[in-house]
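I have placed the structure first, in the form of structure tokens, so that the comments after it can refer back to it.
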Amino acid sequence: MLEGFIEQVVKRVNKPKQLIIKIVAVLLLITVPLGVALLAPVVGIPYLIYVGFFIFIGGIYAVWYVFSQQKVDFEYSVTDDELSVAKIISLRKRKNLCKVKIRDIERLDKGEKTIEGLRISKPFEAAHDIDKESENFYAVFNSAAYGKSVLIFSPNEEILQAMKRYLNREIVVKLFYQQKVI
């Protein structure tokens, strides 16, 4: 482990939306080629059976691609005073979600109460399970591109400790020592 560099990979929990996408993909894989093949005798073009077969073969690849796109990981990395969050799709595509100077974080706390009453222009969702409020941290910061933004993420203790030295004093006292700042 290098001094000043810590990273964590978090796997996103699949929700019912991802299951519905998979079911629709499989249903389309079956119905479209079958429909084209069954249309052959009605239209009188026997080659449509072969077309249906080739659509089925291409559909297998398309379904595999759709299934693999549902596997999402998030990578948090702390390098000195910078927190970077990246979205990794199916271990083959990486998209940088946000990069924030830790000193610029105005609020960092667990639970959605952190952002109640704030006008947030851009939410960055990079949590293990977005519905589990007890696991998620909410970091409020100002982004040059988006304005007031919030990062919803699920860091482990190692990431939090790496961020600790650069965080605002009030945040450190409240987060790590559970005390109210006077």
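Here are some notes:
- Heavy atoms of the protein chains alone define the surface here; on that basis segment 1-139 has 65 Å² accessible area per residue at 1.4 Å probe size.
- Note on segment 1-100: with neighbouring protein chains present and a 1.4 Å probe, carbon and sulfur make up 71 percent of its accessible heavy-atom surface.
- Mean Kyte hydropathy of -1.0 or more with a Cα span along the axis of at least 20 Å, helices from DSSP in the chain: 16-43, 48-69
- Between Ile21, Ala37, Leu91, the Cα set farthest toward the positive side of the dipole of segment 1-97 (charges on each charged residue's Cβ, about the Cα centre) is that of Ala37.
- Residues whose amide H lies under 5 Å from that of Glu106, counting only those 5 or more places away or on a different chain, are Val140, Phe141, Asn142; hydrogens are built 1.01 Å from N in the peptide plane.
- Computed over segment 15-154: relative contact order in percent, which uses C-alpha pairs under 8 Å that are six or more apart: 15
- Of [x] 42, 41, 30; [y] 83, 39, 29; [z] 54, 28, 26, the label for Cα extents along the principal axes in Å derived from the coordinates: [y]
- Greater than 19 Å apart at Cα, pairs in Lys87/Lys113; Lys15/Lys71; Lys95/Lys132; Lys71/Lys110; Lys113/Lys174: Lys87/Lys113; Lys95/Lys132; Lys71/Lys110
- Lys71 contributes an accessible area of around 80 Å² to the protein surface, as traced by a 1.4 Å probe with all chains present.
- Computed about its Cα centre, the charge dipole of the chain is approximately 340 debye, with only Lys, Arg, Asp and Glu carrying charge at their Cβ.
The values are calculated or read from the model by the stated rules, or taken from the named source; none is laboratory data. Note that the structure is predicted; figures quoted are calculated from it, not measured. Positions of Cβ are generated from backbone atoms using ideal geometry, with glycine treated the same way; all protein chains shown enter the neighbour counts. For accessibility, only protein heavy atoms count, side chains too; no ligands or nucleic acids. Shrake-Rupley method; radii C 1.70, N 1.55, O 1.52, S 1.80 Å.
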